[in-house]
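Chemist: This is the structure I have questions about; it appears just below.
The values are calculated or read from the model by the stated rules, or taken from the named source; none is laboratory data. Bear in mind that the values here come from a model prediction, so they are computed numbers and not experimental data. Cβ placement follows ideal geometry from the backbone for every residue including glycine, while neighbour counts extend to all protein chains displayed. Ligands, DNA and RNA are excluded from the accessible area calculation, which covers all protein heavy atoms including side chains. Shrake-Rupley method; radii C 1.70, N 1.55, O 1.52, S 1.80 Å.
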Amino acid sequence: MQSIRGTKDILPGEIHGWHTVEDRIRHITSLYGYRELRNPIMEYTDVFKRAVGEDTDIVGKEMYSFPDRGGDSITLRPEATAAVVRSAIQHNLTAQQQIARVYYAGPFFRYERPQKGRQRQFHQFGCELLGASGPEADIEILALAHDFLESLGIKSRELHINTLATPEIRQQFKQELISYFSSHLSELSEDSQSRLQSNPLRILDSKNPGDKALSANAPKMQDMLDAESKDHFEKVLSLLNALSIPYTVNPLLVRGLDYYSHTVFEFTSTALGAQDALGGGGRYDHLFEHFGGKHTPSIGFAFGMERLLLAMNAQESIPEASNPEMYVIGFESDESRKAVISCAHALRIRSGKQVIVDVQNRSLKAQMKEADKLGIGHVIIIGPDEVLNNNCIVKDLSSGMQYTKSIDELDAFFG
Ligand code: AMP
């Protein structure tokens with residue numbers, strides 16, 4: 001039996017990296033006052049269809065959707081924002097002009113072709129700032145994302161940023177793109193030809209060399225911006241400057257999903273290879289209305305946790321996992337084993353120490369060897385003499401120093 005293609009077991013030997021990322025998530029989000037929202041991993045299919053858009057890759061090709069036994073169409077979540085908004089409306093998180101700062105971390109599902117940094121079950125950490133429209137909200141989200149990557153020690157990265165302006169301008173822009181690309185139809189890749197009418201913006205971020213060459217000369221959103229969109233974008237950029245967060249304005253950045261307007265951004269890393277996006281996000285001012293909620297301008301981002309770990313591994317920025325602190329070693333007698341188990345229990349519960357004991361009735365030599373292999377700091381030996389005298393031998397494996405201590409003294413000895 002094998003795990004499903006595109007899914008991975010996260011094994012005990014690699015969990016330390018995950019815990020490091022999760023600790024950083026908790027730390028940084030708490031600095032900014034974000035609290036965790038845990039949504040179900042499945043939703044009614046409509047939640048994603050409506051929010052993400054029928055013409056996107058995610059909804060069109062990648063969702064794990066199935067009828068449940070009652071006949072409802074259910075989808076394993078391919079992204080979080082749609083579910084966060086569904087949940088915010090359902091539970092009134094932004095009632096009475098309140099804003100909500102939330103974060104999430106967990107598994108997501110997309111039926112994609114597996115490769116390095118791309119899986120069918122992957123994990124995302126994201127933040128959403130719901131109910132604020134100003135550039136101050138954009139900079140809060142951007143700074144949080146930046147600080148998070150800094151805290152993970154991911155250095156080889158870039159922030160790309162763009163504006164998609166208002167839905168009206170985007171509509172005009174789409175029409176301009178359709179007419180421009182239509183006049184070069186035969187030069188477009190097959191994928192882009194099929195997207196031309198439904199989602200022409202996506203052609204701009206195509207990786208196909210022919211598409212790229214055409215996109216370089218395509219009409220620019222920057223030339224069509226209304227005063228408000230322009231002002232908003234310039235304020236965001238000037239706040240990035242004020243915080244000394246480096247960025248590149250990238251007019252070809254559009255993000256894949258339908259719901260974005262104004263600021264969109266992506267963090268990439270050269271440590272990742274072909275799938276070089278660590279994460280991205282943007283402003284979605286009209287998504288709540290789409291779900292029948294009231295106008296609630298919002299902005300958020302999502303990082304792929306596997307990709308964060310790939311980048312951290314490439315830079316060796318994952319700190320070493322700590323080893324258990326002690327190994328209590330016994331002899332092959334019932335009295336000795338009993339004393340070992342009691343001593344280990346007391347050290348764990350009274351002194352909060354991480355303690356390993358042998359559970360296979362092995363020899364003293366085998367236990368010493370295991371302690372060494374585990375990188376243990378101290379071994380505590382309780383043989384027949386020690387049982388009689390109610391004491392033990394403490395050996396510091398790094399210095400080789402050895403002491404005889406009464407069992408009751410151990411607490412104080414280890415502080
Ligand atoms: P998206 O909102 O689609 O741009 O996804 C945000 C981030 O999630 C991406 O930048 C990736 O880091 C990560 N991600 C998306 N899809 C996958 C996948 N299939 N496997 C691994 N990571 C993914």
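Chemist: Determine, yes or no, whether residue 125 is assigned by TED's automatic domain parsing to the domain that holds residue 255, aromatic (Phe, Trp, Tyr) and either within 13 Å of the ligand (Cβ to nearest atom) or under 22 Å from residue 256 (Cα atoms) (or both).
Modeler: Here the answer is yes, as residue 125 does meet what is asked.
Chemist: Based on this model, can you work out whether residue 115 counts as within 16 Å of the ligand (Cβ to nearest atom), in contact with a helix residue (DSSP H, G or I) (Cβ under 8 Å, 6 or more places away or on another chain) and either open to solvent by less than 70 Å² (accessible area, probe 1.4 Å) or closer than 30 Å to residue 137 by Cα (or both)?
Modeler: no
Chemist: So, one more: Of all residues in region 172-195, which are at pLDDT below 90 and within 30 Å of residue 289 (Cα to Cα)? Quick ask: steps written out before the conclusion?
Modeler: Step one: list which residues in region 172-195 are at pLDDT below 90, which gives 191, 194-195.
Those that are at pLDDT below 90 and within 30 Å of residue 289 (Cα to Cα): 194, 195.
Chemist: Let me ask you something else. Tell me, which residue of region 301-329 that is open to solvent by 70 Å² or more (accessible area, probe 1.4 Å), of a type outside the set (Asp, Glu) and under 30 Å from residue 360 (Cβ atoms) is farthest from the ligand (Cβ to nearest atom)?
Modeler: Step by step, filter region 301-329, then rank; the result is 323.
Chemist: Pairs under 6 Å by beta carbon, first residue within 17 Å of residue 377 (Cα to Cα) in region 341-366, partner buried (at least 16 other Cβ atoms within 10 Å of the Cβ) and among the polar types (S, T, N, Q), six or more apart or different chains?
Modeler: Here the result reads 358/367, each pair linking region 341-366 to a residue that is buried (at least 16 other Cβ atoms within 10 Å of the Cβ) and among the polar types (S, T, N, Q).
Chemist: Could you please tell me which pairs satisfy a Cβ distance under 6 Å, a separation of 6+ or placement on different chains, a first residue in region 268-286 that is in the same structural domain as residue 116 (by TED's automatic domain parsing) and open to solvent by 10 Å² or more (accessible area, probe 1.4 Å), and a second residue that is part of a loop (DSSP other than H, G, I, E, B) and away from the ligand (no atom under 12 Å from the Cβ)?
Modeler: Final answer for the pair search is 270/156; 271/156; 285/297.
Chemist: Among the residues of region 275-298, is there at least one that is in contact with a Leu (Cβ under 7 Å, 6 or more places away or on another chain) and of a type in the set (Asp, Glu)?
Modeler: no
Chemist: Given the structure, is residue 252 in a helix (DSSP H, G or I), in contact (Cβ under 8 Å) with a residue 60 or more places away in the chain and open to solvent by 40 Å² or more (accessible area, probe 1.4 Å)?
Modeler: Here the answer is no, as residue 252 does not meet what is asked.
Chemist: So for region 101-112 (the condition being away from the ligand (no atom under 15 Å from the Cβ) and either free of Cβ contacts under 8 Å to residues at least 24 places away in the same chain or open to solvent by 40 Å² or more (accessible area, probe 1.4 Å) (or both)), does at least one residue qualify? Before you say what the answer is, go through the steps one by one.
Modeler: Within region 101-112, the subset away from the ligand (no atom under 15 Å from the Cβ) is 101-102.
Cutting the leftovers down to either free of Cβ contacts under 8 Å to residues at least 24 places away in the same chain or open to solvent by 40 Å² or more (accessible area, probe 1.4 Å) (or both) gives us 101.
Taking every residue of region 101-112 in turn, at least one turns out to be away from the ligand (no atom under 15 Å from the Cβ) and either free of Cβ contacts under 8 Å to residues at least 24 places away in the same chain or open to solvent by 40 Å² or more (accessible area, probe 1.4 Å) (or both).
Chemist: Quick test of your reading of the structure: residue 334 fulfils all but one of (1) surrounded by fewer than 20 Cβ atoms within 10 Å (Cβ to Cβ); (2) within 16 Å of the ligand (Cβ to nearest atom). Name the failing condition by number.
Modeler: The number of the failed condition is (2).
Chemist: Give all pairs with beta carbons closer than 7 Å in which a residue from region 120-137 that is modelled with pLDDT of 95 or more meets a residue that is among the acidic types (Asp, Glu) and open to solvent by less than 20 Å² (accessible area, probe 1.4 Å); count only pairs at least 6 apart in sequence or on separate chains.
Modeler: Here the result reads 133/285, each pair linking region 120-137 to a residue that is among the acidic types (Asp, Glu) and open to solvent by less than 20 Å² (accessible area, probe 1.4 Å).
Chemist: Which one is modelled with the lowest pLDDT among residues in region 258-277 that are within 11 Å of the ligand (Cβ to nearest atom) and within 17 Å of residue 207 (Cα to Cα)?
Modeler: Among them, the one singled out is 275.
Chemist: Which numbered condition trips up residue 297, out of (1) within 17 Å of residue 160 (Cβ to Cβ); (2) buried (at least 17 other Cβ atoms within 10 Å of the Cβ); (3) away from the ligand (no atom under 16 Å from the Cβ)?
Modeler: (1)
Chemist: Among the listed residues 214, 239, which satisfies the condition of being in a helix (DSSP H, G or I), in contact (Cβ under 8 Å) with a residue 12 or more places away in the chain and more than 30 Å from the chain's Cα centre (by Cα)? If you could, list the steps in order and put the result at the bottom.
Modeler: Values: 239 fails: more than 30 Å from the chain's Cα centre (by Cα).
Exactly one of 214, 239 is in a helix (DSSP H, G or I), in contact (Cβ under 8 Å) with a residue 12 or more places away in the chain and more than 30 Å from the chain's Cα centre (by Cα), namely 214.
Chemist: Looking at (1) under 30 Å from residue 16 (Cα atoms); (2) crowded, with 18+ Cβ neighbours inside 10 Å, which is the only condition residue 351 fails?
Modeler: Against the list (1) under 30 Å from residue 16 (Cα atoms); (2) crowded, with 18+ Cβ neighbours inside 10 Å, residue 351 comes up short only on (2).
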